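Below is one structure, written out as structure tokens, with a few remarks after it.
The values are calculated or read from the model by the stated rules, or taken from the named source; none is laboratory data. All values reported here derive from a predicted model rather than from experimental measurement. Methodologically, a virtual Cβ is constructed for each residue, glycine included, from the backbone with ideal geometry; neighbour enumeration extends over all protein chains shown.
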2 protein chains.
Amino acid sequence: MRNNLLKEIKVSTIYSGIKKTQDNEDDLLLIEFDEKSAIAGVFTQSLTSSASVNQCKKNLTKYKEPVVRAILVNSGNANAFTGKLGEETVLKISNYLSAKLNCSINQIYTASTGVIGEQLDPDLVIRSLQSMSPQKNQDWVKAAAAIKTTDTFTKVSKRICKIDDVEIKIVGIAKGSGMIAPNMSTMLGFIFTNANISSDTLQKLIVSSNEMSFNSITVDSDTSTSDTVLLVATKKAKHKPVSKFNDIRLTEFKKNLCSLMLELAKLIIKDGEGASKFITIKVTGAKSKKSAKIIAFSIANSPLVKTAIAGEDANWGRIIMAIGKSGQPADRNKIKIYIGNEQITKDGMVYENYSELRATEHLKQRNIFLEIDVGIGKSNATVYTCDLTHKYIDINADYRS
Amino acid sequence: MRNNLLKEIKVSTIYSGIKKTQDNEDDLLLIEFDEKSAIAGVFTQSLTSSASVNQCKKNLTKYKEPVVRAILVNSGNANAFTGKLGEETVLKISNYLSAKLNCSINQIYTASTGVIGEQLDPDLVIRSLQSMSPQKNQDWVKAAAAIKTTDTFTKVSKRICKIDDVEIKIVGIAKGSGMIAPNMSTMLGFIFTNANISSDTLQKLIVSSNEMSFNSITVDSDTSTSDTVLLVATKKAKHKPVSKFNDIRLTEFKKNLCSLMLELAKLIIKDGEGASKFITIKVTGAKSKKSAKIIAFSIANSPLVKTAIAGEDANWGRIIMAIGKSGQPADRNKIKIYIGNEQITKDGMVYENYSELRATEHLKQRNIFLEIDVGIGKSNATVYTCDLTHKYIDINADYRS
């Protein structure tokens, strides 16, 4: 698929010096849109959210139909827990960009990722912005590289689908490798499309797709202060505008948006700090979707389950433990646990045909599948995680020492 | 303090072969009481609790004033997730003991700790019981040794206090080193006193003391299927019976029971799998006691906080993250964080006098103190945990490989 998929979007990256690296990697990404671009977003649930997150949220509530003119992302500094000074920094940078683009400050969106608690220098950012001239020949891989912190590879995903027989393109970039990497933070995602979709419909699209993608992954159960996912529609595609979430013409678009976001989410897990295994956990037979997800996350976040998988040890007692501690309804005598295709439990005890050898064989693979039927109802949920290895400790404990 | 503190209690330990060890360590502990001993207990909240836990709970609800004649504890097999067969095992063993002691089956309490999902052989246990003859010259250290799984040391605590000028003795033993050790499980605690206290008052005493001790510790956030704490009063002390929780004569006893249980709880943390640091986390200024405890546990259970402390890295941004993800009320602009005596934040940002050098100095100690004022209300809570190290991964990932 070609790289400059959405010609109406101008992109620029630069090395500003905010992120300290040996080879002066780009650490600033500026994306500019024309006046008609609609925007929607979802953000961290953290109560100590960053100044940028708070400004983005404010922008989205300012208009009935939110519009974006620029998105600015820096890596190397999260501008989180930086008090009033941090908020002034966001305003100063946003003011500069809004003056340059001759638009309201509420059409400027920023995101910062990196060290928590250190002030971001607004003058350094503005000086860098002055030497940036966004171009239409985008390089999305380069854009994705500029927002990396401890990521070991860039995360880009593209889709092409149709609305009313008109070609619709979707491009997404993301970053993240631990929910918070060492001294750095955050999962960020930015998704762009040429579809002509109203911003309130975009908002519903991003919320529902997010639930099945970025909200279904966990590396270490920790939540960043700066998580941000923005979805922008340039409306350049020549189909009749879509302004209802339930519009049947969106069916294909929804599927593609979902699969793009899930691909990006899975890339984050694959880049999980120290990860050696990609783990899919499917919970079925739960009382509700919410309940299924809580059980799945209880398993996915258990350090004992994660270390057992790292050690390729079919220690299924730990899965029982994690179901139990979730506090969610489950019928002990009906719980069925599968590692790969190997059924382990039946009637509240070990299944007579269970072979630990076969379960261990599956755990030696790179991609691990766990399926758990909790025997209560009909609801399912799937979440994704990685194992907990020595390397995670190396990255997170030994980083500054 | 002398070892056989409570002469009215008969104790015996033996090697039965349930626990596979090279040097045939004791793995079965039998404690016998006369007819008047009152009992109370608290258990795991897990919905997949073990057969023994379920039988203990049943015993306690069977009588208005629960009485105990014997407590039997085995290590090496948790008898958890063993279905109907596992329940029958508990009944068979309890029946044998109740016939021997000529009492109701509901006066027999059992606890099992070890591998999950494997059947415990009742005949092996009964054969071993036949060769045990509990004696009054107790050795509590030996008793504590018989219930160890991956524990690296025995956990015994004793107190002497007074009720009505009569000498009251309290002895406690405990086991536990991860919330679930490799393939093995459980935190167990057994506490004995000669005080003449009614069982309903005992129940209130154990619930309130438990909240500040065993319910205030975490190694890895995982919850066992078999956690059990039992409190037995032989009533041999010659003071007027106590039958009200609020009886002023209990003041000294309460203080001593609490401090004994907290000592045992701290020993479990000190024996935490792979632990190199003992961490005390005090949260103040919270909306309620419950809220303070949720925030404290959010910090204590964060893998990123735990690895930072293992690496002696004053990475306080991770504490901010953990406060934020707790979902509890906190005033971002009033949060004060201390590492040891070093104040780090003020007015929603880094404190001007903060010295990372001094904070790091504190983190080099074995005992780490974190204090966090969330600036909302007047409630406090303190929890205890350990750091997350390479050794934890070694113990939990590489155990069977």
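When B:ILE323, B:ILE335, B:ILE376 are checked against the criterion of being closer than 19 Å to A:THR82 by Cα, more than 7 Å from chain A (Cβ to nearest Cβ) and among the β-branched types (Val, Ile, Thr), B:ILE335 stands alone in meeting it. From the set of residues in region A:239-279 that are modelled with pLDDT under 95, of a type in the set (D, E, K, R) and not in a helix (DSSP H, G or I), which is nearest to A:ILE339 (Cα to Cα)? Here the residue is A:LYS277. Please determine whether any residue of region B:10-20 is assigned to a helix (DSSP H, G or I), assigned by TED's automatic domain parsing to the domain that holds B:GLU167 and under 20 Å from B:GLU88 (Cα atoms). No: zero hits.
Taking the numbered list (1) without any contact (Cβ under 8 Å) to a residue 40 or more places away in the chain; (2) within 29 Å of A:ILE393 (Cβ to Cβ); (3) within 10 Å of another protein chain (Cβ to nearest Cβ) in turn, A:GLY340 passes all entries but (3). The number of residues in region B:66-99 being away from chain A (no Cβ under 14 Å) and free of Cβ contacts under 8 Å to residues at least 24 places away in the same chain comes to 2. One residue alone among B:LYS391, B:LYS334 is among the basic types (Lys, Arg), part of a loop (DSSP other than H, G, I, E, B) and either closer than 19 Å to A:LEU47 by Cα or at pLDDT below 85 (or both), and that residue is B:LYS334. Just to be sure before I move on: is A:SER46 within 15 Å of A:PHE33 (Cα to Cα), out of contact with any His (no Cβ under 7 Å at 6 or more places or on another chain), hydroxyl-bearing (Ser, Thr, Tyr) and assigned by TED's automatic domain parsing to the domain that holds A:ASP34 in the structure I sent? Judged against the criteria, A:SER46 is not a match.
Within region B:303-317, restricting attention to residues that are under 21 Å from B:THR345 (Cβ atoms), touching a residue at least 12 places away in the same chain (Cβ under 8 Å) and among the hydrophobic types (A, V, I, L, M, F, W, C), the residue that is nearest to the other protein chains (Cβ to nearest Cβ) is B:LEU304. Which one is farthest from B:ILE320 (Cα to Cα) among residues in region A:41-87 that are touching a strand residue (DSSP E or B) at 6+ places or on another chain (Cβ under 9 Å) and hydroxyl-bearing (Ser, Thr, Tyr)? It comes out as A:SER75. Given the criteria of a type outside the set (Ser, Thr, Tyr), touching a Lys or Arg at 6+ places or on another chain (Cβ under 8 Å) and within 27 Å of A:ARG366 (Cα to Cα), does A:ALA310 qualify? So A:ALA310 fits the description; yes.
Summed over region B:22-37, the residues that are out of contact with any Gly (no Cβ under 8 Å at 6 or more places or on another chain), within 24 Å of B:LYS142 (Cα to Cα) and in contact (Cβ under 8 Å) with a residue 40 or more places away in the chain give a count of 10.
Scanning region B:280-330 for residues that are of a type in the set (Val, Ile, Thr) and surrounded by 23 or more Cβ atoms within 10 Å (Cβ to Cβ) returns B:ILE281, B:VAL283, B:ILE295, B:ILE299, B:VAL305, B:THR307, B:ILE309, B:ILE319, B:ILE320, B:ILE323.
Applying the criterion of being in contact (Cβ under 8 Å) with a residue 12 or more places away in the chain and assigned to a loop (DSSP other than H, G, I, E, B) to the residues of region B:38-59, the residue that is farthest from B:LEU124 (Cα to Cα) is B:GLN45.
Rundown of residues vs (1) part of a helix (DSSP H, G or I); (2) closer than 13 Å to B:SER49 by Cα; (3) outside the structural domain of A:ASN301 (by TED's automatic domain parsing), yes/no style:
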| site | (1), (2), (3) |
| --- | --- |
| A:ILE320 | yes, yes, no |
| A:TYR354 | no, no, no |
| A:ARG358 | yes, no, no |
| A:HIS362 | yes, no, no |
| A:GLU371 | no, no, no |
| A:ILE376 | no, no, no |
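Just to be sure, is A:GLY76 over 17 Å from the mean Cα position of the chain (by Cα) and assigned to a strand (DSSP E or B)? Spelling it out, A:GLY76 is indeed over 17 Å from the mean Cα position of the chain (by Cα) and assigned to a strand (DSSP E or B).
List the number of the failed condition for A:GLN328; all other conditions in (1) within 7 Å of chain B (Cβ to nearest Cβ); (2) at negative phi; (3) not hydroxyl-bearing (Ser, Thr, Tyr) hold. Here A:GLN328 meets the rest and fails (1). Could you list, in sequence order, the residues of region B:1-60 that are of a type in the set (Phe, Trp, Tyr), crowded, with 17+ Cβ neighbours inside 10 Å and at pLDDT 95 or above? If the condition is that a residue be of a type in the set (Phe, Trp, Tyr), crowded, with 17+ Cβ neighbours inside 10 Å and at pLDDT 95 or above, then B:PHE33 is the only one that fits. Between B:LYS158, B:LYS100, B:LYS142, the distinction of being assigned to a strand (DSSP E or B), charged (D, E, K, R) and surrounded by fewer than 24 Cβ atoms within 10 Å (Cβ to Cβ) belongs to B:LYS158 only. If you go through region B:343-391 and pick out every residue that is within 18 Å of A:GLU118 (Cα to Cα) and in contact (Cβ under 8 Å) with a residue 40 or more places away in the chain, you end up with 3.
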